[in-house]
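Beneath this line is the structure, given in structure tokens, with notes to follow.
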Amino acid sequence: MRIIDKVALFALVIFAILSKVLSDTDNEVRRPNPNIFNPPNSEKFAKPELPPAYANAPTFDVKIDMKNFSSTGTAFSVGDGIWVTARHVTTGCDIIILNTEIGKGLPVSQLTQERNADISIFRTKLAAPALPVSADGLRIGQMGWSFGYPRGKPGDVFGKIIGRAKMRAYGRYSTIEPVIAFTQIRRIPDAGTDLGGISGGPWVDREGRVIGVHVAGAPRRGRSFSTDPSTLLAALSKAGISSSSRKFKQLTDQNFSHAGNFLRRQLTIAKVMCLVGNRWKKMTKR
């Protein structure tokens, strides 16, 4: 073999070796770490728990005006003819009526209004399927759904927990209590930001368990507020009410309005009418 042929063969071998080395090196650089694709640790990536009540929570004021006119709110069944609503829905009323259908209703009895929370519990002769109540802790970013009668008409809200706050009520009564703050993501129907009338309705988790009572809102900021879970659980415990074991199909941002309509048809969620003054006198004369 000629010298030039030997040199060419040697160069070819060297080239092949270098190509293999460089190729392997390049693959090592580009090859992703297989651990990247391992399922994440659920605890590590879990949403953070809400801080303790009152811990550095901002405070906002709510004026509870005197009842000079009739109004509506929302209530939900917790079983055996027992209902929960907001305290500010029931204070100052001459009579409270639970609507059972258009033009018909039942007077409430045994009304108990919590002294330090925006919660009322009452009874009627009618018993409707109950909502279960959750005792689980809440987390920032957790989804929630609220059902009721905003502006006196059926409506629902889908939101997300963004933190805690303190609500200071003054006027008809004076309280300060911890509340949970939600940012509203979607409303059905989306008929404006004013949700007055949904007060007293439930905020529920993905499993349909009550996590609080809808008590206030900040329409311009798209915020809603519920009672703290511990407040509701304490009120129910004091009244000797046990939570229902009812099961629900999981709620989503797509099916929650159907769930709201179903619960209203069952009267699990009902409209509450607070009648005062002339309107009550006119009804009693009929």
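Quick notes on this structure:
- Environment charge at Pro178 (Cβ cut-off 12 Å; Lys +1, Arg +1, Asp -1, Glu -1): 0
- Ranking of Glu207, Glu177 by count of other Cβ atoms within 10 Å, fewest first: Glu207, Glu177
- Highest-first packing order for the peptide set 180-189, 221-230 is 221-230, 180-189, based on the mean count of other beta carbon atoms within 10 Å.
- The length gained on full extension between Arg221 and Asn68, counted as 0.36 nm times the residue separation minus their Cα-Cα distance, comes to 52.3 nm.
- Other residues whose C-beta falls under 13 angstrom from the C-beta of His258 contribute a net charge of +1, scoring Lys and Arg +1 and Asp and Glu -1.
- Alpha-carbon gyration tensor eigenvalues x 5, square-rooted, for the range 59-285, Å: 24, 20, 18
- Length gained when the stretch Phe248-Leu126 is fully extended (0.36 nm per residue, less Cα-Cα span): 41.7 nm
- Pairs from the table (Lys67/Lys271; Lys125/Lys238; Lys104/Lys247) lying more than 23 angstrom apart at Cα are Lys104/Lys247.
- Each Lys or Arg adds one and each Asp or Glu takes one away; over the other residues whose Cβ falls under 10 Å from the Cβ of Lys67, this sums to -1.
- In this structure, Asp80 and Asn56 have a Cβ-Cβ separation that, at R0 = 41 Å, corresponds to a calculated FRET efficiency of about 0.55.
- One decimal place: the segment Ser174-Thr100 gains 23.5 nm when fully extended, by the rule 0.36 nm per residue minus the C-alpha distance.
- Amide H contacts of Gln142 (H built 1.01 Å from N, in plane; Pro and chain starts excluded): Ile161 sit under 5 Å, all sequence-distant by 5 or more or on other chains.
Each value in this text was obtained by applying a stated rule to the coordinates, not by laboratory testing. Only a predicted model underlies this, so the values are computations on that prediction, with no experimental measurement involved. Cβ atoms come from the backbone with ideal geometry, glycine included; neighbour counts cover every protein chain shown.
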